[in-house]
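Just below is one structure, and these are the notes that go with it.
The values are calculated or read from the model by the stated rules, or taken from the named source; none is laboratory data. No experiment lies behind these values; they were computed from the predicted model shown. Glycine gets a Cβ as well: all are built from the backbone with ideal geometry, and neighbour counts include every protein chain shown. Keep in mind that these areas ignore ligands, DNA and RNA; they rest on the heavy atoms of the full protein, side chains included. Shrake-Rupley method; radii C 1.70, N 1.55, O 1.52, S 1.80 Å.
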Amino acid sequence: MMQKIGYQGVYGAYSSIASLNYFGENNDFIGYDDFKTMADDLQRGKIDYGVFPVENSTTGQIYRTLDILKYEKDLFAIGETIVEVNHNLIALPNTTVDDLKFVYSHPEALSQCPEFFKKHPHITPVSYEDTAKSVVYIKELNNKENGAIASSLAGKTHNMNILSTSIQDMSGNKTRFLIFKKVLDKSYYFTDTVQNSEKLSCYFETKHETGALSKILEIFSKQNYNLLSLHSRSTKKNSFEYGFFVDVNINGIDVESLKNLLYKLEDNLLYFNLLGIYNEFKNF
């Protein structure tokens, strides 16, 4: 049965590659202009799954998605996939690097290629809404002064010239994606799913009192949970108030222990959202 899979961007975007990697080709893939619309459609049941980038190995957490997901109580991550990010310099056919004056791409992609622009000072980086869409844009402009940074799939899809491959500063640059679906009753996942899963992701906001975060971390520690990551983020409710994204290793944890942990967390927090329970991606 074909599933409706949502991702941000157009075919050739790294999110589309993540979608294909996780679900395979025999599905209905739907590109979105922004993550909020995709999350809303997932809530409404217009799509079955949404593929959201949450972390990059070079630039860190991707808060433009996490800030949306942290307050979506009915959306739940059931899987993880990782895409190797190889940024390619793409241009019109019969174009050289010396012809270029402007290179378009998503700001995050541009930020991962500073050495390229340092070596080519005649080229000005220009922010654009999406990596793959930047390829479509320069093709429409039809001017050899314009190039784009995107995946090789985006370049090949639009019959463009790939002038240079892997121009990002760091090799091994990867983006981590979580696969979300709408789940009204998350207790369904407190069965065999927990015992067969390896990671838990959550977001919480502590009480406004001395030692509040330490108290929460102590709850994890006393029950022998290994925190894989902890990142603070402004709640945007009041100035200088912060919430926390946490990834936890739950490999080998039994259902009752995990329930006990979550009960204790919720009792000691102003806000708690269990974002997902899933297996760590390994086949990379």
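What to note about this one:
- Only Lys, Arg, Asp and Glu carry charge here, each on its Cβ (+1 for the first two, -1 for the last two); on that basis the chain has a dipole of about 220 debye about its Cα centre.
- Prolate/oblate/rounded label for region 231-270 (Cα gyration tensor, a/c 1.5): oblate
- Carbon plus sulfur fraction of accessible area for region 169-268, probe 1.4 Å, in percent: 46
- Between the amide H of Val126 and those of Val103, Tyr104, Ser105, distances stay under 5 Å, these residues lying 5 or more places away or on another chain, with hydrogens modeled in the peptide plane.
- Against the empirical 2.2 N^0.38 Å (N residues), region 129-179 has a Cα radius of gyration ratio of 1.26.
- Couplings 3J(HN,Hα) of region 15-28, computed from phi: 5, 5, 5, 4, 5, 5, 4, 7, 9, x, 6, 7, 8, 9 Hz, in residue order, whole Hz [Karplus 6.51 cos²θ - 1.76 cosθ + 1.60, θ = phi - 60°; x for Gly and Pro].
- Largest-first principal axis extents of the Cα set of the chain (Å): 63, 47, 32
- Å² of accessible area per residue within the chain, as computed with a 1.4 Å probe and no ligands counted: 48
- FRET E, pair Asp98, Thr59, Förster distance 41 Å, beta-carbon r, rounded to 0.05: 0.90
- Check: region 146-284 dipole with +1 on Lys, Arg Cβ and -1 on Asp, Glu Cβ, in debye: 420
- Amide H contacts of Glu241 (H built 1.01 Å from N, in plane; Pro and chain starts excluded): Thr235, Lys236 sit under 5 Å, all sequence-distant by 5 or more or on other chains.
- Reported to the nearest whole Å, the Cα centre-to-centre distance from region 200-237 to region 49-128 is 29.
- Packing rank of 241-248, 23-30, where each peptide gets the mean count of other beta carbons within 10 Å, highest leading: 241-248, 23-30
- Using 0.36 nm per residue and subtracting the Cα-Cα separation, the extra length available between Leu213 and Lys186 on full extension is 7.2 nm.
- Check: region 90-156 dipole with +1 on Lys, Arg Cβ and -1 on Asp, Glu Cβ, in debye: 120
- Shape of region 21-134, Cα gyration tensor, a/c cut at 1.5: prolate
- Backbone HN-Hα couplings from phi across region 155-163 [Karplus 6.51/-1.76/1.60, Hz, Gly and Pro as x]: x, 5, 4, 9, 6, 9, 8, 8, 7
- Neighbours of Val248, meaning other residues whose beta-carbon lies under 11 angstrom from its beta-carbon, give a summed charge of -1 when Lys and Arg score +1 and Asp and Glu score -1.
- Between region 135-158 and region 27-46, the alpha-carbon centres lie 25 Å apart.
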